[in-house]
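Participant: First, the structure itself, so that you have it in front of you.
The values are calculated or read from the model by the stated rules, or taken from the named source; none is laboratory data. The model shown is predicted, which means the values in this text are computed figures rather than measured ones. A quick note on method: Cβ atoms are made from the backbone with ideal geometry, for glycine too, and the neighbour counts reach across all protein chains shown. Surface accessibility is based on the protein's heavy atoms, side chains included, excluding ligands, DNA and RNA. Shrake-Rupley method; radii C 1.70, N 1.55, O 1.52, S 1.80 Å.
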Amino acid sequence: MKKHLFIAATLLLLGGCGRDEADTVPQLGPQAVTVSLAVRPESMTSITRTTDEETIRDVNFYLCDDDGAIVLHRYQTSPTLRFECLPGDYTLYVVANAHTGMGNMPAEIPETYTVPTPSENDDLVMTAMQPITIPAEAGTVLLPALQVRRAVARVDYDITVDESVSDIEIRSVQAMNLPTHYRPFVEGFRPSDFLDCELVAAAEDGSSVQGSFYMLPCCQGVRSSITSPEEKNPDNAPDDAACLHIRAVRGGKVLDYYVYLGENDTSDFNVRPNTVHTLHIRILGDNDL
């Protein structure tokens, strides 16, 4: 006779309690093993808005077998998951802060789940994928804590005009080429649709502009031929690389500056999930940053 496992997965949730969706499979039997699983957010490179970036209010939990078939789905805001399944090897998929029960998605969940463009919500979508083995044993099986990572990057920028060129006035900054979608369970995913954010006006005296925004990952690779910051420009950057477009004026002359995001100041054009990009930009002349 096949043995069955009873699983109790404990989630560390910072939101309130609510009604849970039913399991997508019936209870399988009385022979039980209790399993405990904690879910918590992975640390970001740098965090200043901890309330928004740390909060987990709800969790969609999928358990998939070796064939990729979903054997169980739960949507839950309360802190404890309880369900039954057979011993064996599985893959856990977790989506936090979706704010809705995602339903019994098709078996191709890694290829189908898409994170939408970041909204003005008070929290961030977080995800995790973890292979696990459920043994057939008595007592409580305590699984290692499962960390969920934010499905967005945060960009902080501080743009100023150097005192030596104080006659330059910044008018606005605009984030450009931001992806409209992201599939966190697809390795090496590259977006195909992009948008430009609204213009952010500079200070009244035109000397500075500061801001922060969240964006979906935008990995556009490395251009090893770029060896200096001056070469990280529209002529050499990938067409879909994310950037800041700074508009300024100097007398009757209109100035345009482009600052491309990435993991260095030269060749890298990758913006990965769960990272913080801090840009301190100083305008030194008509064409100099």
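Participant: Here are some residues: 84, 120. Which one is more than 30 Å from residue 283 (Cα to Cα), among the charged types (D, E, K, R) and in contact with a Leu (Cβ under 9 Å, 6 or more places away or on another chain)? First the steps, then the outcome.
Facilitator: Values: 120 fails: in contact with a Leu (Cβ under 9 Å, 6 or more places away or on another chain).
Of 84, 120, the one residue that is more than 30 Å from residue 283 (Cα to Cα), among the charged types (D, E, K, R) and in contact with a Leu (Cβ under 9 Å, 6 or more places away or on another chain) is 84.
Participant: Restricting attention to the stretch 65-99, and to residues there that are among the acidic types (Asp, Glu) and in a strand (DSSP E or B), which single residue is nearest to residue 182 (Cα to Cα)?
Facilitator: 89
Participant: Here is a follow-up. Right, residue 100: within 30 Å of residue 87 (Cα to Cα), at pLDDT below 95, of a type in the set (S, T, N, Q) and open to solvent by 80 Å² or more (accessible area, probe 1.4 Å) or not? It would help to see each step written out before you state the result.
Facilitator: Working: within 30 Å of residue 87 (Cα to Cα): yes; at pLDDT below 95: yes; of a type in the set (S, T, N, Q): yes; open to solvent by 80 Å² or more (accessible area, probe 1.4 Å): no.
Taking the combined requirement at face value, the residue does not satisfy it.
Participant: Can you tell which of 121, 97 is under 22 Å from the mean Cα position of the chain (by Cα) and more than 22 Å from residue 186 (Cα to Cα)?
Facilitator: 121
Participant: To continue, here is another question. If I go through the stretch 123-143 residue by residue, how many of them are assigned to a strand (DSSP E or B), open to solvent by 30 Å² or more (accessible area, probe 1.4 Å) and either farther than 30 Å from residue 195 by Cβ or charged (D, E, K, R) (or both)? Let's see the steps before the verdict.
Facilitator: Step one: of the stretch 123-143, the residues assigned to a strand (DSSP E or B) are 126-134, 140-142.
Now restrict to residues that are open to solvent by 30 Å² or more (accessible area, probe 1.4 Å): 129-131, 133, 140, 142.
Add one more test, that the residue is either farther than 30 Å from residue 195 by Cβ or charged (D, E, K, R) (or both), and what stays is 130-131, 133, 140, 142.
Qualifying residue count, the stretch 123-143: 5.
Participant: Still on this structure, I have one more. Exactly one condition in (1) among the hydroxyl-bearing types (Ser, Thr, Tyr); (2) touching a Phe, Trp or Tyr at 6+ places or on another chain (Cβ under 9 Å); (3) open to solvent by less than 50 Å² (accessible area, probe 1.4 Å) is not met by residue 228; state its number.
Facilitator: Status for residue 228: all satisfied but (2).
Participant: Determine if the stretch 204-212 includes at least one residue that is hydrophobic (A, V, I, L, M, F, W, C) and under 25 Å from the mean Cα position of the chain (by Cα).
Facilitator: no
Participant: In the stretch 147-168, which residue that is of a type in the set (D, E, K, R) and over 19 Å from residue 129 (Cβ atoms) is least open to solvent (accessible area, probe 1.4 Å)?
Facilitator: 154
Participant: For residue 120, work out the one condition from (1) out of contact with any Asp or Glu (no Cβ under 7 Å at 6 or more places or on another chain); (2) farther than 21 Å from residue 193 by Cβ; (3) without any contact (Cβ under 8 Å) to a residue 60 or more places away in the chain it doesn't fulfil.
Facilitator: Residue 120 satisfies every listed condition except (2).
Participant: I've got another one for you. Give me the pairs, please: first residue somewhere in the stretch 256-280 and under 22 Å from residue 182 (Cβ atoms) and part of a loop (DSSP other than H, G, I, E, B), second residue anywhere and of a type in the set (Asp, Glu) and open to solvent by less than 20 Å² (accessible area, probe 1.4 Å), beta-carbon distance under 7 Å, and either six or more positions apart or on two chains.
Facilitator: 262/268
Participant: Name, by its number, the condition in (1) within 23 Å of the chain's Cα centre (by Cα); (2) modelled with pLDDT of 55 or more; (3) of a type in the set (A, V, I, L, M) that does not hold for residue 13.
Facilitator: Condition (2) is where residue 13 drops out.
Participant: Additional query: Taking the stretch 175-207, which residues are part of a strand (DSSP E or B) and surrounded by 15 or more Cβ atoms within 10 Å (Cβ to Cβ)?
Facilitator: Of everything in the stretch 175-207, those that are part of a strand (DSSP E or B) and surrounded by 15 or more Cβ atoms within 10 Å (Cβ to Cβ) turn out to be 175, 176, 178, 179, 182, 194, 200.
Participant: Could you please give the count of residues in the stretch 144-174 that are part of a strand (DSSP E or B) and either under 23 Å from residue 205 (Cβ atoms) or among the polar types (S, T, N, Q) (or both)?
Facilitator: 14
Participant: Considering only residues of the stretch 111-122 that are surrounded by fewer than 20 Cβ atoms within 10 Å (Cβ to Cβ) and farther than 30 Å from residue 208 by Cβ, which is modelled with the lowest pLDDT?
Facilitator: Ranking the qualifying residues of the stretch 111-122, first place goes to 111.
Participant: If the requirement is being modelled with pLDDT of 95 or more, open to solvent by less than 70 Å² (accessible area, probe 1.4 Å) and over 30 Å from residue 205 (Cβ atoms), which of these qualifies: 249, 271?
Facilitator: One residue alone meets the criteria, 271.
Participant: Next question, about the same structure. I'm told residue 240 meets every condition in (1) modelled with pLDDT under 95; (2) surrounded by 13 or more Cβ atoms within 10 Å (Cβ to Cβ) except one. Can you identify the failing condition by its number?
Facilitator: So the condition that residue 240 fails would be (1).
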